[in-house]
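Report on the following structure.
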Amino acid sequence: MKSYIEKVLSGIPSVQPHRRAVLDKIAAYIRAGKAAKLIFICTHNSRRSQFAQVWAAVAADYFDLKNVETYSGGTEATVFHPNAVAALHRAGFEIKNPGGENPHYELTFSKNRPALVCFSKTYSDPANPQKNFAAVMVCSDADEGCPVVFGAERRFSLPYADPKIADGRTDERATYDARCLEIAVEMFYLMSQVSKNG
């Protein structure tokens with residue numbers, strides 16, 4: 001994973017100004033509180049919101065930000081898509097799959113940190129905070145279809161293109177890897193801004 005994170009860090013200068021503007025606002029939210037809880041939300045909690053939760057957690061750990069907690073959810077629950085899981089495995093995560101209809105994957109990125117337990121769920125699932133959190137909407141469909149996120153004290157729109165468009169195509173792997181890297185870069189930019197100004 002070390003080489004992947006080096007690749008991520010090298011990509012930070014490429015984050016576009018309009019994306020930085022939103023990420024900077026999220027960084028300000030994190031800095032303003034003693035404990036910042038972020039729920040990344042997309043429609044199915046199967047791809048983009050999972051990527052964002054995982055990479056935000058890794059980035060917070062990298063910059064030693066102990067006040068950041070990351071979560072994910074959807075407007076409906078489906079399954080953490082195997083193509084997204086595979087992309088994270090290629091990025092360097094050790095992943096355990098316990099099986100079942102909606103597997104609770106265990107993702108390990110450090111011997112010194114507990115595994116991240118990732119599975120598809122609604123944003124209001126008991127596994128997520130119910131109040132005093134920021135909702136980060138990572139798909140436009142969820143943003144438009146969920147006008148109110150109950151319990152959220154702040155809401156941010158940070159949409160990403162859905163890699164599912166490549167499912168079953170010859171560019172499937174490349175598309176998922178590109179989205180995984182894009183989200184990783186932006187989460188590392190976000191946490192770098194919290195660290196810089198903390």
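Observations
- Cα-only radius of gyration and Dmax that characterise the range 152-198, units Å: 14.4, 44
- Global geometry of the chain, whether rounded, prolate or oblate, following the gyration tensor of its Cα atoms and the 1.5 cut on a/c: rounded
- Database note for the chain: Cys without another Cys beta carbon under 4.7 angstrom, CYS118, CYS146, CYS180.
- Taking Lys and Arg as +1 and Asp and Glu as -1, the other residues whose beta-carbon sits under 14 Å from that of GLU172 total +2.
- Near ALA32, once Lys and Arg are set to +1 and Asp and Glu to -1 for all other residues with Cβ below 12 Å from its Cβ, the sum equals +3.
- Taken over the range 1-69, the alpha-carbon convex hull comes to 104 cubic angstrom per residue.
- Antiparallel beta bridges, as assigned by DSSP with both residues in the range 83-167, represent about 55 percent of the total such bridges.
- Under the Debye formula (equal points on every Cα, no solvent term), log10 I(q)/I(0) of the range 93-156 at q = 0.20, 0.25 Å⁻¹: -0.93, -1.04
- Applying a threshold of 19 Å to the alpha-carbon distances of LYS37/LYS66; LYS131/LYS196; LYS37/LYS131; LYS34/LYS196; LYS34/LYS66 flags LYS131/LYS196 as lying beyond it.
- Taking every alpha-carbon pair under 8 Å whose residues sit at least 6 apart, the range 1-147 reaches a relative contact order of 29 percent.
- Counting DSSP beta bridges with both ends in the range 1-134, the antiparallel % (nearest 5): 40 percent
- For the chain, the mean residue ellipticity at 222 nm estimated from helices alone is -13500 deg cm²/dmol, where every DSSP H run of n ≥ 4 contributes -39500 (n - 2.57) and the total is divided by all residues, rounded to the nearest 500.
Taken together, the values in this text are just the output of simple stated rules run on the coordinates, not laboratory data. Just so it is clear, the structure is predicted and the values come from calculations on it, not from any experiment. All Cβ positions, glycine included, derive from the backbone under ideal geometry; neighbour counts span all protein chains shown.
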